[in-house]
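The structure appears right after this line, and notes come after that.
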Number of protein chains: 2
Amino acid sequence: MTYNHPKILVAIDCLVFGYDTAENDLKVLLFQREVEPFAGEWSLIGGFVNEDENLSDGAERVLEKFTGLKDVFLEQLSTYGKANRDPGGRVVSILYWSLIKLDELHRDIANEHGARWFDLDELPKLVLDHEDMVRLGEEKLVQNAKSRPIGFELLPEDFTLPQLKQLYDAIYGKSIDDRNFRKKILSTDLLIKTDKKDKSTSKKGAFVYQFDAEKYNDLRKQGYHLDLNV
Amino acid sequence: MTYNHPKILVAIDCLVFGYDTAENDLKVLLFQREVEPFAGEWSLIGGFVNEDENLSDGAERVLEKFTGLKDVFLEQLSTYGKANRDPGGRVVSILYWSLIKLDELHRDIANEHGARWFDLDELPKLVLDHEDMVRLGEEKLVQNAKSRPIGFELLPEDFTLPQLKQLYDAIYGKSIDDRNFRKKILSTDLLIKTDKKDKSTSKKGAFVYQFDAEKYNDLRKQGYHLDLNV
């Protein structure tokens, strides 16, 4: 150890978004803190980074601990470091976000840790600066949904165009133009139209689509820029 | 102090971009490390975060120490935290970036710390993961230049449209279409045309413009989205 400088606690907080296709609601995963200060209050899922642990491994560990999920969308978002942000000590927290399909969450594992989904417009009071973290995540969701196909992380594998459009309505927080949206999304050529029809919401039914992740990855390597600014 | 967990060194690295209007070159500010390991090798400017210091204050301190500049564009970009990224110890480093006007740098202060501008395509070997940091900054510069008026942070207060277009050429790394660029940038209504002319590069001269920061801030509050994707 060469450096001589005071050290600081480093934590991971993980903002998990899920989308409830049936209720058309964006949700966030919260749990009740197990440590003082603020034990029992609502918090993002999180934990401290170990001395010998890569940050990204720490984030994966936290996510898996509370959700049972591995190999899902998980990215670093921002680092929070006000000196007085945590009355329990000097903690720098690196915020990661994850977008998961609601039905993939391992409910037994989530229950074991007291983790629960909350509607974004019905959040309980959150500890520390965790509400700022959620608000940043909401902004990033809108920004990212315009330029990357992150919405598909939130949908089941099979979806209809009305479902996809409802998700974008939920992300943007407004009803977007249906015809314009269809035109834009179909022109990307990233949807695979199956011959299945979903008749749960109308007699005529809506064709079931799947997202072509492989094609997107190929295009992305060539510098492709998705434009879903509808 | 409530928490019981091993602590980690937290550092700031600051990626400073400047634009040389005369040479039409994007440059990055580097200095020779003063501490082992890798003392004497080229590095981004940086330093450790103090125990009682907000991260953003630490970033401002580092920037001012090496450049003499305060109150300039300075934003957090990403946090680097591989466990083995620094052979000198476990260090998590928060990368900030700053965009400054080349002629505002206090050269005496920079010289005192051995800081020097380097062309982006003539970088020396950098310590640790600092080359990754520069490459991330270059990507972010392109992305941001399309949606925010960050280019103006790099230009002198008075500039001509050919100079602005050259800056975008330098950021995008290609010659963009002149007529299209003029049309887009003028349609934003964010440039103030002065009655001065710059005749240094042509007999006819080019009108001198200024950026209307106040108007941009008003528009931004209303949810305005700059589109400079040319």
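The values are calculated or read from the model by the stated rules, or taken from the named source; none is laboratory data. Since the model is a prediction, treat every value here as computed from it, not as a measurement. Positions of Cβ are generated from backbone atoms using ideal geometry, with glycine treated the same way; all protein chains shown enter the neighbour counts. To get the accessible areas, we keep the full protein, side chains included, count just its heavy atoms, and leave off ligands, DNA and RNA. Shrake-Rupley method; radii C 1.70, N 1.55, O 1.52, S 1.80 Å.
Among the residues making up region A:121-150, those that are more than 24 Å from A:F31 (Cα to Cα) and open to solvent by less than 10 Å² (accessible area, probe 1.4 Å) are A:A145, A:I150.
When only residues in region A:91-120 that are within 14 Å of chain B (Cβ to nearest Cβ) and of a type in the set (A, V, I, L, M) count, which is surrounded by the fewest Cβ atoms within 10 Å (Cβ to Cβ)? By that ranking, first place goes to A:V91. Condition first: outside the structural domain of B:E139 (by TED's automatic domain parsing), part of a loop (DSSP other than H, G, I, E, B) and hydroxyl-bearing (S, T, Y). Can you find one or more residues in region B:193-200 that meet it? Within region B:193-200, one or more residues are outside the structural domain of B:E139 (by TED's automatic domain parsing), part of a loop (DSSP other than H, G, I, E, B) and hydroxyl-bearing (S, T, Y).
When B:V16 is tested against (1) surrounded by fewer than 20 Cβ atoms within 10 Å (Cβ to Cβ); (2) more than 14 Å from chain A (Cβ to nearest Cβ); (3) modelled with pLDDT of 95 or more, just one condition goes unmet, and that condition is (1). When B:L69, B:L95, B:L77 are screened for being aliphatic (A, V, I, L, M) and over 19 Å from A:V92 (Cα atoms), only B:L69 passes.
Just one of (1) farther than 30 Å from A:Y3 by Cβ; (2) out of contact with any Ser or Thr (no Cβ under 8 Å at 6 or more places or on another chain); (3) in contact (Cβ under 8 Å) with a residue 24 or more places away in the chain; (4) open to solvent by 30 Å² or more (accessible area, probe 1.4 Å) fails for B:P162. It is (2).
Give the residue that is nearest to the chain's Cα centre (by Cα), with candidates limited to residues of region A:1-56 that are closer than 23 Å to A:A83 by Cβ and of a type in the set (D, E, K, R). It comes out as A:D13. Would you confirm whether or not region B:117-130 contains a residue that is within 26 Å of B:D227 (Cα to Cα) and either outside the structural domain of B:C14 (by TED's automatic domain parsing) or touching a strand residue (DSSP E or B) at 6+ places or on another chain (Cβ under 9 Å) (or both)? Yes; the residues of region B:117-130 include at least one that is within 26 Å of B:D227 (Cα to Cα) and either outside the structural domain of B:C14 (by TED's automatic domain parsing) or touching a strand residue (DSSP E or B) at 6+ places or on another chain (Cβ under 9 Å) (or both).
Restricting attention to region A:60-90 and to residues that are in a loop (DSSP other than H, G, I, E, B) and more than 12 Å from chain B (Cβ to nearest Cβ), the residue that is surrounded by the most Cβ atoms within 10 Å (Cβ to Cβ) turns out to be A:L69.
B:K7 passes every criterion in (1) within 15 Å of B:R116 (Cβ to Cβ); (2) within 14 Å of another protein chain (Cβ to nearest Cβ); (3) basic (K, R) apart from (1). The residues of region A:160-170 that are touching a strand residue (DSSP E or B) at 6+ places or on another chain (Cβ under 7 Å) and assigned to a helix (DSSP H, G or I), listed by number, are A:L161, A:P162, A:L167, A:A170. Cβ separations smaller than 6 Å between residues 6+ apart or across chains give the following pairs from region A:42-59 residues that are facing another protein chain (nearest Cβ under 7 Å) to residues that are of a type in the set (D, E, K, R) and open to solvent by 10 Å² or more (accessible area, probe 1.4 Å): A:E51/B:R90; A:N54/B:K82. In region A:142-159, the residues that are closer than 15 Å to A:I185 by Cα and in a helix (DSSP H, G or I) reach residues that are open to solvent by 10 Å² or more (accessible area, probe 1.4 Å) and among the small types (G, A, S) with C-beta atoms within less than 9 angstrom, at least six apart or across chains, in these pairs: A:F152/A:A213.
The rows are residues; the columns are (1) of a type outside the set (A, V, I, L, M, F, W, C); (2) at pLDDT 90 or above; (3) open to solvent by 70 Å² or more (accessible area, probe 1.4 Å).
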| position | (1), (2), (3) |
| --- | --- |
| B:L186 | no, yes, yes |
| B:K193 | yes, yes, yes |
| B:K196 | yes, yes, yes |
| B:Y209 | yes, yes, no |
| B:N217 | yes, yes, no |
| B:R220 | yes, no, yes |
| B:D227 | yes, no, yes |
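Among the residues making up region A:41-53, those that are part of a loop (DSSP other than H, G, I, E, B) and open to solvent by less than 40 Å² (accessible area, probe 1.4 Å) are A:V49, A:E53. Scanning region B:171-184 for residues that are outside any loop (DSSP other than H, G, I, E, B) and open to solvent by 60 Å² or more (accessible area, probe 1.4 Å) turns up B:D178, B:R179, B:N180, B:R182, B:K183. The residues of region B:198-207 that are open to solvent by 50 Å² or more (accessible area, probe 1.4 Å) and either touching a residue at least 24 places away in the same chain (Cβ under 8 Å) or more than 15 Å from B:P162 (Cβ to Cβ) (or both), listed by number, are B:T201, B:F207. Looking only at residues of region B:1-10 that are open to solvent by less than 10 Å² (accessible area, probe 1.4 Å) and touching an Asp or Glu at 6+ places or on another chain (Cβ under 9 Å), we find that the one that is nearest to B:I100 (Cα to Cα) is B:L9. Does A:E23 count as free of Cβ contacts under 8 Å to residues at least 24 places away in the same chain, away from chain B (no Cβ under 12 Å), in a helix (DSSP H, G or I) and open to solvent by 50 Å² or more (accessible area, probe 1.4 Å)? Here the answer is no, as A:E23 does not meet what is asked.
Considering B:E51, B:E34, B:E60, B:E64, the condition of being under 30 Å from A:F38 (Cα atoms) and of a type outside the set (S, T, N, Q) is satisfied by B:E51 alone.
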